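Read-outs: derived from the displayed coordinates by stated rules, not from any lab. These numbers were taken from a predicted model, which means no experiment stands behind them. Virtual Cβ from ideal backbone geometry, glycine too; neighbours counted across all protein chains shown.
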Amino acid sequence: MVPTISRAQVVEAKDLFELIGHTPLVRFRRIAASLAPVEVYAKAEWYNPGGSVKDRPAREIILTAEREGRLRPGKVILDATSGNMGIAYAMLGAARGYPVTLCIPASASPERLRILRAYGAELILTDPLEGTDGAILEVRRLYEADPERYFYADQYNNPANWKAHYRTTGPEIWAQTEGQITHFVAGLGTSGTMMGVGRYLKAQNPEIRLIGVQPDGPFHGLEGLKHMETAIRPGIYDPDLVDEILTVSTEEAYAMTRRLAREEGLFVGISAGAAMTAALKVAARLREGVVVTLFPDAGYKYLSEPFWFKAESSKR
C-alpha cells in the first residue's frame, strides 16, 4: 500500500534563487581547543546550491541588472572568474535562460572547468601566469568589441557584489552570533565579502575588528585571493574599511586545509584554509572574544591538487 502524504508534510518547492544564503555557522572545538575561552566559527558557504559563497553576489548582480534593464533575453552574461563566481553565473544563467561566457585562467582546477562546461558556459582560457588579471583584461577586450551582445557583470567593480553581503551574509552572522562577534576574518579577492559584511557589522557595532586575508606575494596558489599590492585592485575595495591585513603563504593554507579535513571533518577549499590560518592567528592573541571567518567553498573542486596527499609537517 502506497502511503499518502498530507500537504503539511510537503516542503513547498522554491525557485533556485531562493535557495541561496542562510548557511550554517560551524564552531571549532578541536582545532581551536587551546584558544578557549575565545570562540572561533566559520560560515559554511558550500551549503549554497552552487557550492560557494559566490552564489550570493551572482544572484544580486543578475537581479539588479534585470531590474535596471541591463540584462534581458538575448544578452550574454560575461565576466572574468577564477572559478566559483563563474559557476554561480553559469548555474543561475542556465536557470534564467541566459548564455554565459567566462574568461578564466587556464590554471583553474580541472574540476572547476568541468563543472562550468557541464552548465553549458563558454570558456575562454587565459594565460595562467597572468592570473585573474589576465582574464579581466580579456573580458574588457571582448566587451569593448561588442558591447551590445554582452552584459558585462564586472564582479570586481559592481557594487551589487558587496551589497549582496551587506543584505544577507552580514545580517546572518550578526544573528547567528547573537551580536557577540568581536572579529571578522575574510579572504580578499574581489573583496565583496569583506566590504559587505564589514560595513554591516560596523554599523551594528563599530568596535568589531575587520581582518582581511591575502597571499604573501604575487605568485601564489590561493585561487580566488588577490595580492592587492601587485594585482589590479577591485573598484569596490575600500582599504580604509579594513582594520588589519594578514598575509598567508600557500604552504600554510594547504596545511590548514588538510588539518580541517582530518581534525574537524570539514572538507573545504584552499581559500578556506587561508582564512582559518588567519582566524587562528587572530584568536591566539586574544584573551576573550568571538572570531568569525568564512569558508568560501568545499574541497571537491580541488581534488586534483597534490597537496592533499603530502605528509603533514611535524610542526603545526
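Springs between alpha-carbon pairs under 10 angstrom, Gaussian network model over the chain: which of ASN84, ASN158, ASN205 fluctuates most?
ASN205
Over the C-alpha atoms of the stretch 164-316, what are the Rg and the largest Cα-to-Cα span, Dmax, in Å?
Expressed in Å, the Cα Rg and Dmax of the stretch 164-316 come to 15.2, 44.
With a 10 Å Cβ neighbour count serving as the proxy for reagent exposure, in which order, fewest first, do LYS202, LYS14 appear? Walk me through the numbers before you get to the answer.
On the way: LYS202 17, LYS14 8.
Ordered by Cβ neighbours within 10 Å, fewest first: LYS14, LYS202.
7 Å from Cα along Cα→Cβ at both ASP240 and SER34: what's the point-to-point distance in nm?
4.0 nm
Excluding residues on the same chain fewer than 8 positions from LYS43, give the aspartates and glutamates whose Cα lies under 18 Å from its Cα.
Output for LYS43: ASP55, GLU172, GLU178, GLU263, GLU264, ASP297.
Are there DSSP H segments in the chain that both extend 15 Å or more along their axis (alpha-carbon positions) and score a mean Kyte-Doolittle hydropathy of at least 0.0? List them, or say none. Don't skip to the end; give the middle numbers.
Details: long enough: 55-68 (20 Å, -0.96); 84-96 (18 Å, 0.71); 131-145 (22 Å, -0.16); 192-204 (18 Å, -0.12); 250-263 (19 Å, -1.11); 270-284 (21 Å, 1.41).
Span-like helices in the chain: 84-96, 270-284.
Multiply the residue gap between ILE124 and LEU137 by 0.36 nm, knock off their C-alpha separation, and tell me the result in nm, one decimal place.
On the way: separation 13, 0.36 × 13 = 4.68 nm, distance 1.20 nm.
So the chain would gain 3.5 nm between ILE124 and LEU137.
Using label points projected 7 Å from each Cα along Cα→Cβ, tell me how many nm separate GLU229 and ARG96, to one decimal.
It is 3.8 nm.
Fewest to most neighbouring Cβ within 10 Å: what's the order for ARG29, ARG56? The partial results should precede the final answer.
On the way: ARG29 10, ARG56 26.
Placing the least packed residue first, the sequence is ARG29, ARG56.
Can you give the calculated 222 nm mean residue ellipticity of the chain, where each DSSP H run of n ≥ 4 adds -39,500 (n - 2.57) and the sum is split over every residue, rounded to the nearest 500 deg cm²/dmol? Spell out each step's value before the answer.
On the way: 9 runs with 106 residues, N = 316.
Calculated from helices alone, the mean residue ellipticity at 222 nm is -10500 deg cm²/dmol.
Give me the number: length gained by fully extending SER249 to LEU16, i.e. 0.36 nm times residue separation minus the C-alpha to C-alpha distance, one decimal in nm.
On the way: separation 233, 0.36 × 233 = 83.88 nm, distance 3.63 nm.
So the chain would gain 80.3 nm between SER249 and LEU16.
Report the net charge of residues surrounding GLY170, where surrounding means a beta-carbon distance below 10 angstrom and charges are Lys +1, Arg +1, Asp -1, Glu -1. Mind showing how you got there, number by number?
Working: positive: ARG167, ARG199, LYS202; negative: GLU172.
Once all neighbours under 10 Å are counted, the net charge is +2.
With log10 I(q)/I(0) by the Debye sum over Cα atoms at q = 0.07, 0.08 Å⁻¹ as the read-out, I listed (1) -0.24, -0.31; (2) -0.27, -0.35; (3) -0.31, -0.40; which label goes with the value calculated from this structure?
Only one listed value fits the structure, namely (2).
What does the convex hull of the Cα atoms of the stretch 55-152 come to per residue, in Å³, rounded to a whole number? Kindly include the intermediate steps, with their values, before the conclusion.
Numbers: hull volume 8.1 nm³, N = 98.
Normalising the Cα hull of the stretch 55-152 by residue number yields 82 Å³.
Choose one answer from ILE77, ILE124, ILE61: the residue with the largest mean-square fluctuation in a GNM of the chain with alpha-carbon springs under 10 Å.
Ranking ILE77, ILE124, ILE61 by mean-square fluctuation puts ILE124 first.
Give, rounded to the nearest 20 debye, the magnitude of the charge dipole that the chain has about its Cα centre when Lys and Arg contribute +1 at Cβ and Asp and Glu contribute -1 at Cβ.
With only Lys, Arg, Asp and Glu charged at Cβ, the dipole is about 660 debye.
Take the alpha-carbon centre of the stretch 213-280, take the same for the stretch 51-72, and report the distance between them in whole Å.
What the calculation gives is 25 Å, centre to centre.
Could you work out the local net charge near VAL248, counting Lys and Arg as +1, Asp and Glu as -1, over the other residues with Cβ closer than 14 Å to its Cβ? Spell out each step's value before the answer.
Details: positive: LYS226, ARG259, LYS281; negative: ASP216, GLU223, GLU244, GLU251, GLU252.
So the surrounding residues net to -2.
Using DSSP to call loops (not H, G, I, E or B), can you name the GluC sites (Glu not before Pro) in the stretch 117-188 whose Cβ has at most 14 other Cβ atoms within 10 angstrom? Could you put the intermediate results ahead of the total?
Values: sites: GLU122, GLU130, GLU138, GLU144, GLU148, GLU172, GLU178; in loops: GLU148, GLU178.
Those that pass, being in a loop and sparsely packed, are GLU148, GLU178.
Positive end of the dipole of the chain, charges at C-beta (+1 Lys, Arg; -1 Asp, Glu), about the Cα centre: which of MET228, PHE28, VAL242 has its Cα farthest in that direction?
Result: PHE28.
Give the average over all directions of the projected area of the C-alpha convex hull of the stretch 81-202, one decimal, in nm². Working shown, then result.
Working: hull surface 34.4 nm².
Over every viewing direction, the Cα hull of the stretch 81-202 projects on average to 8.6 nm².
Take LYS226, LYS163 and order them by how many other Cβ atoms sit within 10 Å, fewest up front.
Details: LYS226 26, LYS163 20.
Least to most surrounded, the residues fall as LYS163, LYS226.
With a cut-off of 8 Å between alpha carbons and a minimum separation of six or more residues, what is the relative contact order of the chain in percent?
Working: 603 pairs, mean separation 65.1, N = 316.
About 21 percent, as a whole number.
Gain in length, PHE309 to ALA106, computed as 0.36 nm per residue apart minus the alpha-carbon separation, to one decimal in nm? Before the final figure, lay out the partial values.
Working: separation 203, 0.36 × 203 = 73.08 nm, distance 2.32 nm.
Gain on extension, PHE309 to ALA106, equals 70.8 nm.
Go ahead and run the numbers for FRET between ARG27 and GLU288, Cβ-Cβ distance against an R0 of 22 Å, rounding to 0.05. Write out the running numbers ahead of the final one.
On the way: r = 15 Å, r/R0 = 0.70.
The calculated FRET efficiency here is 0.90.
Among 45-51, 227-233, 67-73, what's the highest-first ranking by average C-beta atoms within 10 angstrom per residue? Display every interim value, and only then the final one.
Numbers: 45-51: 21.9, 227-233: 14.9, 67-73: 10.9.
Output ranking for 45-51, 227-233, 67-73: 45-51, 227-233, 67-73.
Where Lys and Arg each count +1 and Asp and Glu each count -1, what net charge lies around PRO239 among other residues with Cβ under 13 Å from its Cβ? Spell out each step's value before the answer.
Working: positive: LYS226, ARG233; negative: GLU229, ASP238, ASP240, ASP243, GLU244.
So the environment of PRO239 carries a net charge of -3.
For the stretch 211-251, what's the relative contact order in percent, using C-alpha pairs closer than 8 Å and at least 6 residues apart?
Numbers: 45 pairs, mean separation 25.6, N = 41.
Relative contact order of the stretch 211-251: 63 percent.
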